[in-house]
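Novice: Quick one: the structure is below, and I'll ask about it shortly.
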Amino acid sequence: MEKTVALELKNISKFFGKVIANNKINLSLYKGEILSILGENGCGKTTLMNMISGIYFPDEGQIFVDGKEVVIKSPLDAFHYKIGMIHQHFKLVDVFTAAQNIVLGVNDGSKYSIKSVNAKVKEIADKYGFHIDPKKKIYDMSVSEKQTVEIVKVLYRGADILILDEPTAVLTPSETEKLFSVLRRMKEDGKSIIIITHKLHEVLAVSDRVAVLRKGENVGSVVTSETSESQLTEMMVGKKVELNIERSQPENTVDRLFVEHVDCMDREGVKVLDDVSFIARSGEILGIAGIAGSGQRELLEAIAGLQKLKNGKISYLDPATGKMENLQDKTPLQIREMGVRLSFVPEDRLGMGLVGNMDLVDNVMLRSYRKGKTPFLNRKDPGKLTNEIVSSLEVVTPNVHTPVRRLSGGNVQKVLVGREIASEPKVLMAAYPVRGLDINSSYLIYNLLNDQKKRGTAVIFVGEDLDVLISLCDRILVIGSGRITGEVNGRETSKEEIGRLMTKTVATESKKEESHE
């Protein structure tokens, strides 16, 4: 059966000054197909998709929809040609309901009726297997619910071609599988879907074909069933890459950080950490596993002095003095100066310690400018350090004086993580440091963390990928609903054991205890 081309790009190019984001790209998407777009950070994936969805306008080339050449100058034009994009950072109004967000901006000539909107939203949800409450406010929703609203929003507008940018970056494994089930139903209904992702196992699980970009050019496409992770990685990078996480044996470990019976409350008075206790040791990587929103963020922020404790104690054995320090007595700045560093990669990368309009050097200086001995800032040493970060983490940037906001999301993240590692901390808390990074960059970060461990740093690693946690970490703490539900040896555990601990609740434990009495 002959395939019908839904979307075709011919010789598409995009330039930003002297930077070539996309260079003469040819690409086809068939009806009823899921196409994955792969490539290293900064290779031009999102720029290309932004041209299809009307956010950017190509400098060269042609776009064809259903065989006819089209001109897409705005997202409104894209919707006219039944193209909708679900962005990595959601574009929703928090105080509106799901239905209000979905219908916002729609002008179909009919009289507005929230009742009919709710009915149509329910019809779409039932058709594809979404779980959505049209009357629920956005601020009450989980990340996966917000993503569902974004997808239904483009379907409501009649989109037949859907583009999803990093759709699983902040989803749990179970949420990811639910999303894939929905995408498969949409494909069966004749929808054409493009997914930008860095997770190779997901590419192999859900897509029909894979197109690979490298340095702004399309280096080829392959049928998913006929390829492998190693082949795709080689296409992305242009050379063979060893995807092995180096894990050295812990040596000369010292108890460095002590968390004892810690309780924390959120702004609404709900307990987000409940009697949490553990020890982090120098020369060791301690992993933290758990379903998203189980208290991981609050735990790291409590250690960094950013979250107030209701009960409990956090102590730090300072290697410089040999004294035990109570971190609650310190400001976040004092804690940082002692060598306890928090490198947290949130959904909004620019919102956590980087300034978009400042260049790479100035962003690196944000951590060190207080140490200057004169009224004039010395940019020489930060410039050298920035060049080292760019070189070691392969940051794609015209130069170190480029504003951070001009970099791709993954390259912004490399600067953020690289700056914290470069500070030579005694305790490094790395939360989701490879979120949104390509496979090659991810392994660079993993091996950098292992290098920190060899230098005697106590590394606390919060990750989403259980395979990585098991391969990288010496010990793994599992957290669920704000409580530690177990601790396992990274060399001896399995994904199944961690999965059971992730879903274990206090209620089931108390029932077991009652049955034994």
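Novice: How big is the range 212-306 in terms of Cα radius of gyration and Dmax, in angstroms?
Specialist: When restricted to Cα atoms, the range 212-306 yields Rg and Dmax of 21.4, 54 Å.
Novice: Order 66-74, 466-474 from most to least packed using the mean count of other Cβ atoms within 10 Å.
Specialist: 466-474, 66-74
Novice: A follow-up question, please. Suppose we keep just the DSSP beta bridges with both residues in the chain; what percent of those would be antiparallel, to 5?
Specialist: In the chain, approximately 55 percent of DSSP beta bridges are antiparallel ones.
Novice: Looking at the range 5-237 only, what percent of DSSP beta bridges run antiparallel? Nearest 5 please.
Specialist: 55 percent
Novice: If one computes the Cα centroid of the range 139-170 and of the range 63-124, what distance in Å separates the two points?
Specialist: What the calculation gives is 11 Å, centre to centre.
Novice: Follow-up. So how tilted is helix 143-156 from the main axis of the chain? Cα-based, degrees 0 to 90, rounded to 10.
Specialist: 10 degrees
Novice: What is the chain's relative contact order, in percent, from Cα pairs under 8 angstrom and six or more apart in sequence?
Specialist: Value for the chain: 15 percent.
Novice: Counting only chymotrypsin sites (Phe, Trp or Tyr not before Pro) that are in a DSSP loop and have at most 14 other C-beta atoms within 10 Å, tell me the longest site-free stretch of the chain.
Specialist: Here the longest run is 113-375.
Novice: Determine the dipole magnitude for the chain: charges of +1 sit on the beta-carbon of Lys and Arg, -1 on that of Asp and Glu, nothing else is charged, the reference point is the Cα centre, and the result goes in debye to the nearest 20.
Specialist: Computed about the Cα centre, the dipole is about 1400 debye.
Novice: Sort out for me the Cα centre separation of the range 432-485 from the range 397-414, rounded to whole Å.
Specialist: The distance from the Cα centre of the range 432-485 to that of the range 397-414 comes to 24 Å.
Novice: Given the range 146-245, what percent of its DSSP beta bridges are antiparallel, to the nearest 5?
Specialist: 55 percent
Novice: Determine, at each q value in 0.08 (inverse angstroms), the log₁₀ of I(q)/I(0) that the Debye formula gives when each Cα of the chain is one equal point scatterer.
Specialist: -0.56
Novice: Under 5 Å between amide hydrogens, which residues at least 5 positions from Tyr56 or on another chain qualify, with H placed 1.01 Å from N in the peptide plane?
Specialist: Met51
Novice: Okay, next question. For the chain, what is the calculated [θ] at 222 nm in deg cm²/dmol (nearest 500), taking -39500 (n - 2.57) for each run of four or more DSSP H residues and dividing by its residue count?
Specialist: -9500 deg cm²/dmol
Novice: A further question follows. If eta is 1.306 mPa s and T is 10 °C, what Stokes-Einstein diffusion coefficient results for the range 139-285, Kirkwood Rh from Cα pairs, in µm²/s?
Specialist: Translational D for this selection: 81 µm²/s.
Novice: At 1.306 mPa s and 10 °C, plugging the Kirkwood radius over alpha-carbon pairs of the range 5-237 into Stokes-Einstein gives what diffusion coefficient in µm²/s?
Specialist: The estimated diffusion coefficient comes to 87 µm²/s.
Here, each number is a calculation from the coordinates, and none is a lab measurement. Predicted model only: the values in this text are computed from it and were never measured. Positions of Cβ are generated from backbone atoms using ideal geometry, with glycine treated the same way; all protein chains shown enter the neighbour counts.
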